[in-house]
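What follows draws every value from the coordinates through simple rules; no lab data is involved. Because the structure is a prediction, the values reported are computed rather than measured. With ideal geometry, Cβ positions are generated from the backbone for all residues, glycine too; neighbour counts draw on all protein chains shown.
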Amino acid sequence: MTILVTGGAGFIGSHMVWALIDAGHKVAVLDNLSTGFKWAVSPSATFYEGDIADATILSQIHKEQDIKAIINFAGSVIVPESVVEPLKYYSNNTCKTMKLIEFAVQNGINKFIFSSTAAVYGTPKTDKKVTEDEPLSPESPYGTSKLMTEYMLRDCAAAYDFNYVALRYFNVAGADPMGRTGQSTKGATHLIKVVCETATGKRDKIEVYGTDYPTPDGSCIRDYIHVWDLVNAHICALEYLNQNNGSLVANCGYGTGYSVLEVIETVKKVYGKDFNVEFSPRRIGDAVKVVADNEKALTKLNWKPHLNDLEKIIRDALAWEKQLQKIQN
């Protein structure tokens, strides 16, 4: 049995490939390398360069590999960009994924794991932990494009011999503890990546947007999950589908929140050096607090996080910045 990982040369996808190889699975990777890196892919995987909507390359993969499951990471992920380029996001995250789902259905590949996002919830109405039953009200084309795909998966599961797990990620950070891959995309916007780049001199400052929120230190609070725990949630999801448990939507976070200023101070502590922090007014649309209720992943998927520690996440992220510098040089 081969597992097809689309977007497998990107940040989370490359970790997924390594984790599957470590677990003894046979893996095929499909990535167009628009934001990913072929060097990040385990050499034990079979690599195909191409687009998930390209029927020719999908047909080639089907002929050459015994694909039994698909884990889909392919797509565009920058929220502000989605606002100014919505058609790019509806094309990459919705329309092209529809072609991939169609390929799966037509070829009897009935296990599909989808990389979704907490952006489908929009701004929570309260500061309680966000459950999967919260109203779905995305506030960006990115969130909407992902939600539309969740609806497609739901409807296909009702119509065909097809089951899926959609995992709604919160804030993914860190890097492979063994240093094989990490977040390598230039211009990344995720907080921990940006702070680590600032600490290591790759950026001249980190900007904090708003310090007047109703939180202990005035900055926004988010749930940060180590990327290695996240990919292991996907392995649990694969086992869930292999046991014919039906379809599922589950949050992927720790249920613990840290503020922007807590993250910055922790990076300073771990790295041992100060760096430039600038303060700016609030940004439109930033929620005060977004933290996952992860009970469903813990109970339904039997997921057991092992790296729920902000210092560990940051230590691995900083180690990857040093490793990446060597790779890029």
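A few remarks follow.
- Cut-off 15 Å between beta-carbons: net charge of the residues surrounding Ser247, Lys and Arg +1, Asp and Glu -1: 0
- Tilt relative to the chain, helix 260-271 - C-alpha long axis, 0 to 90 degrees, to 10: 90 degrees
- Residues whose placed amide H lies under 5 Å from that of Val249, excluding near-sequence neighbours: Ala166
- Gaussian network model of the chain, Cα within-10 Å springs - most flexible of Tyr90, Tyr169, Tyr271: Tyr271
- Kirkwood-type radius of the range 263-329, with distances r between different C-alpha atoms, in Å: 15.5 Å
- Fraction of beta bridges assigned by DSSP in the chain that are antiparallel (%, nearest 5): 5 percent
- Of the residues Lys88, Lys326, the one with the fewest other Cβ atoms within 10 Å heads the list, and the complete ranking is Lys326, Lys88.
- Listed pairs Lys63/Lys186; Lys99/Lys289; Lys125/Lys273; Lys289/Lys312; Lys68/Lys146; Lys68/Lys96 exceeding 26 Å between Cα atoms: Lys63/Lys186; Lys99/Lys289; Lys125/Lys273
- Helix 310-328 and the longest principal axis of the Cα set of the chain meet at an angle near 70°.
- For the chain: relative contact order, % (alpha-carbon pairs under 8 angstrom, 6 or more apart): 18 percent
- Residues Ile61, Ile52, arranged from fewest to most other Cβ atoms within 10 angstrom of their Cβ, appear as Ile61, Ile52.
- Each of Asp204, Asp229 was scored by other Cβ atoms within 10 Å of its Cβ. Listed from fewest to most, they are Asp204, Asp229.
- Average projected area [Cα convex hull, the chain], square nanometres: 15.7 nm²
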